[in-house]
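These notes are about the structure you will find just below.
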Amino acid sequence: MDRMHPIIRKCIEHLIKINTDEKTRQIVYMYLKSLQTLNEEESHGNYDPTIRKCIQHLKVLNADDETCQVVLTYMKAIQENDAWNAEYIEADSTFA
């Protein structure tokens, strides 16, 4: 996990903390990497389809609302490339 984007790392660590299963974490990682790639290409295209597909995929896996909210929040942080926001998310007691 050392070479991972810091926001992706924090999201995966957060998902481990709230006891999500490995399959869910792998899927979230895949979608977060996709957003990171879009961001790095500076395409500034529409991220919404990727975010929407990820949340739909989580629902198919019967992810609970807390997991979906955590993932959505980190996806928005990576979309904005906002490492500070990722630090704040992790410290926010509503996800603890």
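The values are calculated or read from the model by the stated rules, or taken from the named source; none is laboratory data. Values in this document were obtained by computation on a predicted structure and should not be read as measured data. All Cβ positions, even for glycine, are placed from backbone atoms using ideal geometry, and neighbour counts span all protein chains on display. Side chains are part of the model used for accessible areas, which takes the heavy atoms of the whole protein and leaves out ligands, DNA and RNA. Shrake-Rupley method; radii C 1.70, N 1.55, O 1.52, S 1.80 Å.
Can you find even one residue in the stretch 52-65 that is at pLDDT below 90 and open to solvent by 20 Å² or more (accessible area, probe 1.4 Å)?
Quick first cut of the stretch 52-65, residues at pLDDT below 90 only: 52.
Then keep just the ones that are open to solvent by 20 Å² or more (accessible area, probe 1.4 Å); that gives 52.
Within the stretch 52-65 (the criterion being at pLDDT below 90 and open to solvent by 20 Å² or more (accessible area, probe 1.4 Å)), the answer is yes, since at least one residue qualifies.
May I ask you to list the residues in the stretch 66-85 that are part of a helix (DSSP H, G or I), at pLDDT below 90 and open to solvent by 80 Å² or more (accessible area, probe 1.4 Å)?
Lys76, Trp84, listed by residue number.
Looking only at residues in the stretch 16-39 that are closer than 14 Å to Ile78 by Cβ and of a type in the set (A, V, I, L, M, F, W, C), which one is surrounded by the fewest Cβ atoms within 10 Å (Cβ to Cβ)? Give the steps one after another, and end with the answer.
Going residue by residue through the stretch 16-39, those that are closer than 14 Å to Ile78 by Cβ are 28-39.
After this cut, where a residue has to be of a type in the set (A, V, I, L, M, F, W, C) as well, the list is 28, 30, 32, 35, 38.
Details: Val28: 26, Met30: 11, Leu32: 25, Leu35: 23, Leu38: 17.
Checked the stretch 16-39; the qualifying residue surrounded by the fewest Cβ atoms within 10 Å (Cβ to Cβ) is Met30.
Taking Tyr88 and the conditions (1) surrounded by fewer than 16 Cβ atoms within 10 Å (Cβ to Cβ); (2) among the aromatic types (Phe, Trp, Tyr); (3) at pLDDT 85 or above, which numbered condition does it fall short on, given that it satisfies the others?
(3)
I need a count of the residues in the stretch 29-51 that are in a helix (DSSP H, G or I) and either of a type outside the set (A, V, I, L, M) or at pLDDT 90 or above (or both). Spell out how you get there, then give the answer.
Taking the stretch 29-51 and keeping what is in a helix (DSSP H, G or I), we get 29-40, 48-51.
Okay, now just the ones that are also either of a type outside the set (A, V, I, L, M) or at pLDDT 90 or above (or both), so 29-34, 36-37, 39-40, 48-50.
Here the count works out to 13.
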